[in-house]
Amino acid sequence: MESITTTIISVTALIAALGTFIATVIKAKKEIENTLPRKIQKQCSIDMEITDKMEDLKEFVQADRVQIYDFHNRSDIMLMEEVH
């Protein structure tokens, strides 16, 4: 009788843990589906702004191409400007 009770409690705990895991996965999936398109749209608008500025610069200097360099550590650039 004790083993049956222990088995039932173990199965119940397993089902509860599995249910919690599935609910968490579903919640995370919905969150990603709602957040990711906004981030992509924001990045796309930033990319379009950069492209438009490149086109304006290209026309201004009458060049056939423009290169852009991206510096990831902006604080170092600001410090370099202050020193020079």
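The values are calculated or read from the model by the stated rules, or taken from the named source; none is laboratory data. The structure presented is a predicted model; accordingly, all values stated were derived computationally and were not measured. Positions of Cβ are backbone-derived with ideal geometry, glycine not excepted, and every protein chain shown enters the neighbour counts.
All of 35, 12, 51 fail the test of being surrounded by 10 or more Cβ atoms within 10 Å (Cβ to Cβ), among the hydroxyl-bearing types (Ser, Thr, Tyr), within 16 Å of the chain's Cα centre (by Cα) and in a helix (DSSP H, G or I), apart from 35.
The residue that is farthest from residue 66 (Cα to Cα), counting only those in region 1-50 that are hydroxyl-bearing (Ser, Thr, Tyr) and either in contact with a Ser or Thr (Cβ under 8 Å, 6 or more places away or on another chain) or at pLDDT below 85 (or both), is 35.
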